[in-house]
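> Take this structure first; my questions come after.
The values are calculated or read from the model by the stated rules, or taken from the named source; none is laboratory data. A quick note: this is a predicted structure, and the numbers were derived from the prediction, not measured. Cβ atoms come from the backbone with ideal geometry, glycine included; neighbour counts cover every protein chain shown. Surface accessibility is based on the protein's heavy atoms, side chains included, excluding ligands, DNA and RNA. Shrake-Rupley method; radii C 1.70, N 1.55, O 1.52, S 1.80 Å.
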Amino acid sequence: MLAHRSIICGISIILFHVCQAQPVSVYTDSIRTCLQLPRPDTGKYYLLLRLAQLPECPADTLLAYGHYWYNYTEKRHISPGRPEALYAIGLALYRKGMNPEAAERLYQAATVWERNGRNPLQLARTYELIAGIHKIMQRYADALAYYRLACRIKKTLNNEAILLSTYNGLGNTFRLLHQTDSAVHYLEKAHALTAGNELAKAQVSNNLGNIYWSLKNWLAARQWYQKALQSFETLQQPEGIAEACFNLGAIATQLQQYHAAIAYYNKSLEAVPTGQPVEHLEWIYEHLADAYFHTGNFENAYTNERAYDKIKDSLLSLQVQQSIAALKEKYETEKKEHALALEKERTARLLAANSQQFRFLCMLAGVALLITVMGFIMIRNIRRKQLLAAALAGLKEKEKQQLIQEQALKSNIAMLEGREAERQRIARDLHDRLGSTLSSVRLFMQSNQTGTPPGNSKIMLLLEEAVNDVRRISHDLSDNVLIKYGLEEALKDLKDTIESTGRLQVTLYQQAVDGLPADTASEIYYIVRELAANAVKHSDASRLFIQLLQDNRLLHLTVEDNGSGFNPAVTHKGIGLHNIEIRARKIGAQYTIDARTGKGSCFCFAIPLP
Amino acid sequence: MNDQPILIVDDHRLFAEGVRSLLSVNGFTFVNILSDGRQLASLLETQAPRLLLMDIAMEHIDGIELSAMVRKQFPAIKILIVSMYTKRIYIEKLLQTGIDGYLIKNAGDEELISTVCTILEGGRYFSPQVGDILLKSMHASSGEAVLTPREKDVLQLIAEGYSTKEISSRLFVSVNTVETHRKNMLLKTGLRNVAHLIKWAYENGHL
């Protein structure tokens, strides 16, 4: 599971970069127009340079403007403008993923600003970018150091809002270092500053969700993912929506709320734009199949499992490509790291350049060798795949059938268990209540006190008790009312019965339902009875609300109590909840459980009418 | 008065015998017992008891059906139900058929005898518990819509201007659940839209 997650996280980082580069602003258009002029408008250089740094501006535009401005400042000897230009170039290179080159420019800019102390805010931003590059290169200690430098400077500027990116960066670095406490601390600080910045809000919420996920704190994770989803929906960003929905679905699966999970997964699939990496979809299909399986919707489960298989097959070849890509990336990273090291040791530049050339040649030879090996593996894989495919298909089908049979058996057993439990309850009640009363009568009769007036009255009292016991026991057998007078009366009777225990006040609100099949009626009755029994037994509730309302061809059943509630993720599915699930499935009802520890519980069923 | 014939219909022989001996001690001498309710109709063709003493839960046919039958075919015969049951639905159904009395089975000797006398004199008698149950059911069926705590939570947030999505994330429930609560409130109150609902809730002190 966690492995899946890390893949998703990886993709999400890529997605964020993709969406940041989308040209959506009017600024971009005006900058482009300016760039296309025969002689760029020098008077607006600086202003346009700042505009080009907005996230929605394409990196190439920013790079072009950075260079223009740099040349301009050189020609006119405008020294304060030079670090600005270097910063812009560095930012553009960073956005293009050319990290070592970016770092070189950023170090230069930082050196100037460090020396003259004129632009602390820009200096802090530069530090942050450098920290970001360190983070990408997985040098987290360096990243933390630079983020802290940025943080220290920004704190002197008396503007808390600008600390958002710093806190976010610190939080994410700590997350990558698995120091979750610190990560949560900084990300929550960042989240507090996101007002009015929807994209930041979405990303920070998402990051917090990821942390809580890794801590297996599903409820907190769900809360943050929901916030992220909300922000992404405001931003109308399909990739974000897809990811948040997938995450929420995965949590719902963890909480065994499979209907909710299905809804989220489907929403996620809907949101994914065509042409996205397929491995993302692969996991959704697999999870969706799993969720459908748990809700007993085997047809949909199977369809999704098939979709998953299909993508997975195509991934077999994709995996090979990916491993090549990974090797390439490794080589790239090494190259970049090398370049960065060069930059750091500027005094030894000449020597380093020589060694770089040598290493570059070595790398080229290495890559050639790797590609040959990968080609070999690819051919072997294709052959193996063909052999396995047929065998796998047969096995899968067999497994599915077996599982379906098992599930049917399980639900039968559960029904029987329910009936058996009822029988046991009656037996227990008879034994405990009536049995003991009657035994005392017998003992009393055997003793020599019979015949005397006080002895007789004692026997009368005991017998009266026995009669009451019988009434109470038979009272619980309300099934007769259901059969004879229908659901409406049976529910009223159930209300009376529950209230006669003196522990629970029941508010029953029901509308007359026309055309309710007897089967559905009895399942509804038993569902309510089971939930009511739970409320009496386990929840310390003082009020119970039962509602049965008709909306067109849907019947809404709500059973809500004000008791201690429970945590659905923790509460083991006792026989009660399991029976409810089976009964709901039998009448095709969709249901949700809204239960929180200390906040009561609320079960909502949507029951289709014929 | 005490020579009027009485018929006890109860499949519980011991109980029936007990009642008969109690009645005979108090001077009611013409008391018969029928343990199978299915034979009642044919028996009443030949015998004409003044009073039927009947249980509700019997093996083959219940006292409610029998009462209805007797009321229809032999309206002159008085009916006294003696049962363990205090189920509201049974009591309501029996009252609809027009019985003359209802005693809970743990009633004392004196209550039973006085009830039998009252009914034979043309009066009616119901155990105090029966009256309580009927009163309670009348009170409960006033049918006024009440909001559940979850519904109040949702309505409160609607009134504060939050969207369904926002409400769902604030209450940690799905959008679907919020929708269900909203719909249920409208269905319950019969109001047309949420604006009316909010107004209604404020006016009736639900918010």
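Residues are listed down the side, and each one gets a yes or a no for (1) under 24 Å from B:Asp132 (Cβ atoms); (2) touching a strand residue (DSSP E or B) at 6+ places or on another chain (Cβ under 6 Å); (3) in contact (Cβ under 8 Å) with a residue 12 or more places away in the chain:
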site	(1), (2), (3)
B:Ser24	no, no, no
B:Ile33	no, yes, yes
B:Asp55	yes, yes, yes
B:Asp62	yes, no, yes
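> For the stretch A:590-604, what are the residues that are more than 9 Å from every other protein chain (Cβ to nearest Cβ) and under 17 Å from A:Ala535 (Cα atoms)? Even if it seems obvious, please write down each step before you answer.
Residues of the stretch A:590-604 more than 9 Å from every other protein chain (Cβ to nearest Cβ): A:591, A:593, A:595, A:597-598, A:601, A:603.
Of everything in the stretch A:590-604, those that are more than 9 Å from every other protein chain (Cβ to nearest Cβ) and under 17 Å from A:Ala535 (Cα atoms) turn out to be A:Ile593, A:Ala595, A:Thr597, A:Gly598, A:Ser601, A:Phe603.
> Same structure again: Looking at the stretch B:16-48, which of its residues are buried (at least 16 other Cβ atoms within 10 Å of the Cβ) and among the aromatic types (Phe, Trp, Tyr)?
B:Phe28
> Continuing with the same structure: Can you name the residue in the stretch B:49-61 that is farther than 16 Å from B:Ile119 by Cα and open to solvent by 20 Å² or more (accessible area, probe 1.4 Å) and is also nearest to the other protein chains (Cβ to nearest Cβ) among such residues?
Step one: filter the stretch B:49-61 for residues farther than 16 Å from B:Ile119 by Cα, giving B:55-61.
Now restrict to residues that are open to solvent by 20 Å² or more (accessible area, probe 1.4 Å): B:57-61.
On the way: B:Ala57: 8, B:Met58: 12, B:Glu59: 13, B:His60: 14, B:Ile61: 12 Å.
Result: B:Ala57.
> Follow-up. Can you name the condition, by its number, that B:Glu151 falls short on among (1) touching a strand residue (DSSP E or B) at 6+ places or on another chain (Cβ under 8 Å); (2) open to solvent by less than 20 Å² (accessible area, probe 1.4 Å); (3) not hydroxyl-bearing (Ser, Thr, Tyr)?
Failing condition for B:Glu151: (1).
> Something else now. State all residues of the stretch A:173-188 that are open to solvent by less than 70 Å² (accessible area, probe 1.4 Å) and in a helix (DSSP H, G or I); if no residue qualifies, say none. Before the answer, list the steps.
Here is the first cut: in the stretch A:173-188, the residues open to solvent by less than 70 Å² (accessible area, probe 1.4 Å) are A:173-177, A:180, A:182-184, A:186-187.
Those that are open to solvent by less than 70 Å² (accessible area, probe 1.4 Å) and in a helix (DSSP H, G or I): A:Thr173, A:Phe174, A:Arg175, A:Leu176, A:Thr180, A:Ser182, A:Ala183, A:Val184, A:Tyr186, A:Leu187.
> Taking the stretch B:168-186 as the search range and keeping residues that are touching a residue at least 12 places away in the same chain (Cβ under 8 Å) and not aliphatic (A, V, I, L, M), which one is nearest to A:Leu229 (Cα to Cα)?
To start, the set of residues in the stretch B:168-186 that are touching a residue at least 12 places away in the same chain (Cβ under 8 Å) comprises B:170-171, B:178-179, B:181-182, B:184-185.
After this cut, where a residue has to be not aliphatic (A, V, I, L, M) as well, the list is B:170, B:179, B:181-182, B:184.
Numbers: B:Arg170: 13, B:Glu179: 18, B:His181: 22, B:Arg182: 22, B:Asn184: 26 Å.
Here the residue is B:Arg170.
> Continuing with this model, one more query. Can you confirm whether A:Ile587 is away from every other protein chain (no Cβ under 12 Å) and hydrophobic (A, V, I, L, M, F, W, C)?
Here the answer is yes, as A:Ile587 does meet what is asked.
> Another question, then. Any idea which of B:Ser137, B:Ser142 is open to solvent by less than 60 Å² (accessible area, probe 1.4 Å) and modelled with pLDDT under 90? Before the answer, list the steps.
Values: B:Ser142 fails: open to solvent by less than 60 Å² (accessible area, probe 1.4 Å).
Exactly one residue qualifies, and that residue is B:Ser137.
> Does B:Arg124 satisfy the condition of being among the charged types (D, E, K, R), modelled with pLDDT of 90 or more and under 26 Å from the mean Cα position of the chain (by Cα)?
Details: among the charged types (D, E, K, R): yes; modelled with pLDDT of 90 or more: yes; under 26 Å from the mean Cα position of the chain (by Cα): yes.
It is true that B:Arg124 is among the charged types (D, E, K, R), modelled with pLDDT of 90 or more and under 26 Å from the mean Cα position of the chain (by Cα).
> Continuing with the same structure: Which condition number does A:Gly196 fail, the rest of (1) surrounded by fewer than 18 Cβ atoms within 10 Å (Cβ to Cβ); (2) in a helix (DSSP H, G or I) being met?
(2)
> Give the stretch B:179-202 a look and list any residue that's open to solvent by less than 40 Å² (accessible area, probe 1.4 Å) and more than 10 Å from every other protein chain (Cβ to nearest Cβ), or say none.
Hits for the stretch B:179-202 are B:Thr189, B:Val194, B:Leu197, B:Ile198, B:Ala201.
> Now, a different point. Looking only at the stretch A:230-255, which residues are open to solvent by 10 Å² or more (accessible area, probe 1.4 Å) and assigned to a helix (DSSP H, G or I)?
At the first step, the residues of the stretch A:230-255 found to be open to solvent by 10 Å² or more (accessible area, probe 1.4 Å) are A:230, A:233-239, A:241, A:253-254.
Of everything in the stretch A:230-255, those that are open to solvent by 10 Å² or more (accessible area, probe 1.4 Å) and assigned to a helix (DSSP H, G or I) turn out to be A:Gln230, A:Glu233, A:Thr234, A:Leu235, A:Pro238, A:Glu239, A:Ile241, A:Thr253, A:Gln254.
> Enumerate the pairs (first residue in the stretch A:219-246 and within 10 Å of chain B (Cβ to nearest Cβ) and farther than 17 Å from B:Leu171 by Cβ; second residue anywhere and surrounded by fewer than 24 Cβ atoms within 10 Å (Cβ to Cβ) and acidic (Asp, Glu)) with beta-carbon separation below 7 Å, excluding pairs fewer than 6 apart on the same chain, so at least 6 apart or on different chains.
Correct list of pairs: A:Thr234/A:Glu198.
> Is it true that A:Ser564 is surrounded by fewer than 19 Cβ atoms within 10 Å (Cβ to Cβ), within 14 Å of another protein chain (Cβ to nearest Cβ) and polar (S, T, N, Q)?
Numbers: surrounded by fewer than 19 Cβ atoms within 10 Å (Cβ to Cβ): yes; within 14 Å of another protein chain (Cβ to nearest Cβ): yes; polar (S, T, N, Q): yes.
Spelling it out, A:Ser564 is indeed surrounded by fewer than 19 Cβ atoms within 10 Å (Cβ to Cβ), within 14 Å of another protein chain (Cβ to nearest Cβ) and polar (S, T, N, Q).
> OK, next. For a quick check of your reading of the model, give me the residue pairs whose first member lies in the stretch B:93-109 and is within 13 Å of chain A (Cβ to nearest Cβ) and at negative phi, whose second is of a type in the set (S, T, N, Q) and surrounded by fewer than 16 Cβ atoms within 10 Å (Cβ to Cβ), with beta-carbon atoms closer than 6 Å and at least 6 apart or on different chains.
B:Ile104/B:Gln129
> Quick one: A:Trp224 ticks every box in (1) touching a helix residue (DSSP H, G or I) at 6+ places or on another chain (Cβ under 7 Å); (2) surrounded by fewer than 21 Cβ atoms within 10 Å (Cβ to Cβ) except a single one, so which number is it?
All conditions pass for A:Trp224, except number (2).
> Go through (1) under 28 Å from A:Ala589 (Cα atoms); (2) more than 31 Å from the chain's Cα centre (by Cα); (3) open to solvent by 40 Å² or more (accessible area, probe 1.4 Å) and name the single condition B:Leu171 misses.
With respect to (1) under 28 Å from A:Ala589 (Cα atoms); (2) more than 31 Å from the chain's Cα centre (by Cα); (3) open to solvent by 40 Å² or more (accessible area, probe 1.4 Å), B:Leu171 is out only on (3).
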